[in-house]
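Asker: Have a look at the structure that comes next, please.
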Amino acid sequence: MLRVDGKPLPVVGRARVYVCGITPYDTTHLGHAATFVWADVAARVLRHLGVEVEVCRNVTDVDDVLDAAAARTGARADSFAAVQQFRFDRDMVSLGVRPPTH
């Protein structure tokens with residue numbers, strides 16, 4: 001049985017972690033970073049304890065705020081979102097955040 005500070009850790013099988021992803025309407029900010037760094041730290045701790053961890057993260061690429069941001073630049077929403085998603089992924093790599101399983 002896994003233990004933390006001598007107390008049993010109630011994990012059965014695989015740990016599945018869902019992290020609500022970004023709406024890619026602007027560059028990554030500290031709030032985004034904090035969410036994903038903390039989720040990554042939690043997953044790493046579980047892995048260190050021997051737990052198999054599966055992390056899932058979404059991207060909300062259909063949203064009024066995204067449409068408005070794209071319109072301000074004259075870009076199509078899907079193209080604009082793809083660029084912002086690329087920048088977000090690059091920022092997460094720079095922070096050492098592991099990519100999600102799914």
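Every read-out reported here was derived from the displayed coordinates using simple, explicitly stated rules and does not represent laboratory data. Just so it is clear, the model here is predicted, and its values are computed rather than measured. In this analysis, Cβ positions are derived from the backbone assuming ideal geometry, glycine residues included, and neighbour counts consider all displayed protein chains.
Asker: Quick one: if you stick a label point 7 Å off each Cα along the C-beta vector at Phe86 and Val45, how many nm between them?
Answerer: 3.6
Asker: Starting from the Cα of Thr35, step 7 Å along the direction of its Cβ; do the same at Ala68; then give the gap between the two resulting points in nm.
Answerer: Roughly 1.7 nm, to one decimal.
Asker: Now for a separate question. With an 8 Å cut-off on Cα pairs and a minimum separation of 6 or more residues, tell me the relative contact order of the chain in percent.
Answerer: 36
Asker: Give me D for the chain in µm² s⁻¹, whole number, from Stokes-Einstein with Rh from the Kirkwood sum over alpha-carbon pairs, 20 °C and 1.002 mPa s.
Answerer: For these conditions, the coefficient is 141 µm²/s.
Asker: Roughly how big is segment 17-95's charge dipole about its Cα centre, with Cβ charges of +1 (Lys, Arg) and -1 (Asp, Glu), in debye to the nearest 20?
Answerer: Dipole of segment 17-95, to the nearest 20 debye: 240 debye.
Asker: At 7 Å along the Cα-to-beta-carbon direction for both Arg76 and Val59, put a label point, then send me their distance in nm to one decimal.
Answerer: Distance between label points: 1.5 nm.
Asker: OK, next. Could you work out the per residue convex hull volume over the alpha carbons of segment 45-102, in cubic angstrom?
Answerer: Output value, Cα hull per residue: 91 Å³.
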